[in-house]
Amino acid sequence: MLWIGDRTRQLDGAHVEFLRGVNNPIGVKVGPSMKPEDLIRLIDILNPDNDPGRLNLIARMGAGKVGDHLPNLIRAVQREGKQVLWSSDPMHGNTIKASSGYKTRDFAQILGEVKEFFQVHQAEGSYAGGIHIEMTGQNVTECIGGARPITEDGLSDRYHTHCDPRMNADQSLELAFLIAETLKQVKR
């Protein structure tokens, strides 16, 4: 899926203009700086016919920030009757630089943002439609934490990414099971 990043979503920007003309479903990263009125304007530009399935709003707030920012965005979308799919990107808002200099992400923060995302949607009566994670089946050491914890000191053991840090297979499976548990609790 093509998407517009949180830092490239200017209403008069080239990315918005280009994707406005693409007929496929598209995504828009929505970070903590997004204002409800700007989101509605962006939706109007990218999906003027309010077609269901056209627009995926990808929340990437950072752990501990979802509850402060996402509810107002959801309310604005609901109030205006906009047809969108909400998904979570718990990776990009939780990227940190380790003391060793490696770019990494903390498993606990990733999980925390996912839990907040589902809890906010339940509280707002909206539908949490999916998540975006960056992972590999390889036994890498790029994200810290998890049940078999990778520490900052261990990042250099198998740090193979050329761009963003990915969860390894163990971390990804653990996250999937913990998300399933979260969904069971949210539905109660």
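When the range 97-138 is filtered for residues that are aliphatic (A, V, I, L, M) and out of contact with any helix residue (DSSP H, G or I) (no Cβ under 8 Å at 6 or more places or on another chain), only Ala108 remains. Sub-9 Å Cβ pairs linking a first residue in the range 83-100 that is touching a residue at least 40 places away in the same chain (Cβ under 8 Å) to a second residue that is among the hydroxyl-bearing types (Ser, Thr, Tyr) and surrounded by 15 or more Cβ atoms within 10 Å (Cβ to Cβ), at least 6 apart or interchain, are Trp86/Ser126; Thr95/Thr104; Ala98/Thr104, ordered by first then second residue. Taking residues in the range 46-62 that are under 11 Å from Ile4 (Cα atoms), and partners anywhere that are buried (at least 21 other Cβ atoms within 10 Å of the Cβ) and of a type in the set (Lys, Arg), the pairs with Cβ atoms closer than 6 Å and at least 6 places apart or on different chains are Ile58/Lys29. The set of residues in the range 76-99 that are within 19 Å of the chain's Cα centre (by Cα) and either part of a loop (DSSP other than H, G, I, E, B) or hydroxyl-bearing (Ser, Thr, Tyr) (or both) comprises Gln83, Val84, Ser87, Ser88, Asp89, Pro90, Met91, Thr95. Quick one: would you say Thr104 is of a type in the set (Ser, Thr, Tyr), under 26 Å from Ile4 (Cα atoms) and at pLDDT 95 or above? So Thr104 fits the description; yes. Touching a strand residue (DSSP E or B) at 6+ places or on another chain (Cβ under 6 Å) and closer than 26 Å to Gly27 by Cβ, is that true of Arg79? For Arg79, the condition - touching a strand residue (DSSP E or B) at 6+ places or on another chain (Cβ under 6 Å) and closer than 26 Å to Gly27 by Cβ - is not met. When Leu183, Leu155, Leu178 are screened for being outside any loop (DSSP other than H, G, I, E, B) and more than 30 Å from Gly125 (Cβ to Cβ), only Leu155 passes.
Considered as a group, the residues in the range 119-139 that are touching a Phe, Trp or Tyr at 6+ places or on another chain (Cβ under 7 Å) and not hydroxyl-bearing (Ser, Thr, Tyr) include one that is nearest to Asn72 (Cα to Cα), and that residue is His121.
Residues in the range 100-114 that are hydroxyl-bearing (Ser, Thr, Tyr) and not in a loop (DSSP other than H, G, I, E, B): 1 in all. State all residues of the range 28-39 that are crowded, with 18+ Cβ neighbours inside 10 Å and in contact with an Asp or Glu (Cβ under 9 Å, 6 or more places away or on another chain); if no residue qualifies, say none. Once the filter is applied, which keeps residues that are crowded, with 18+ Cβ neighbours inside 10 Å and in contact with an Asp or Glu (Cβ under 9 Å, 6 or more places away or on another chain), the range 28-39 yields Val28, Lys29, Val30, Gly31, Met34. Checked against the criterion of being of a type outside the set (Phe, Trp, Tyr), crowded, with 17+ Cβ neighbours inside 10 Å and modelled with pLDDT of 95 or more, the candidates Val66, Val16 yield just one match: Val66. Tallying residues that are among the basic types (Lys, Arg) and surrounded by 12 or more Cβ atoms within 10 Å (Cβ to Cβ) within the range 131-179 yields 2. Does Leu73 satisfy the criteria of being crowded, with 17+ Cβ neighbours inside 10 Å, in a helix (DSSP H, G or I) and hydrophobic (A, V, I, L, M, F, W, C)? Yes: the conditions hold for Leu73.
Counting only residues that are of a type in the set (Phe, Trp, Tyr) and assigned to a helix (DSSP H, G or I), the range 115-138 holds 2 of them. Within the range 116-126, the set of residues being surrounded by 21 or more Cβ atoms within 10 Å (Cβ to Cβ) and not acidic (Asp, Glu) comprises Phe117, Val120, His121.
The values are calculated or read from the model by the stated rules, or taken from the named source; none is laboratory data. Predicted, not measured: the structure shown is a model, and the values here were computed from it. Note that we place each Cβ from the backbone using ideal geometry, even for glycine, and neighbour counts take in every protein chain shown.
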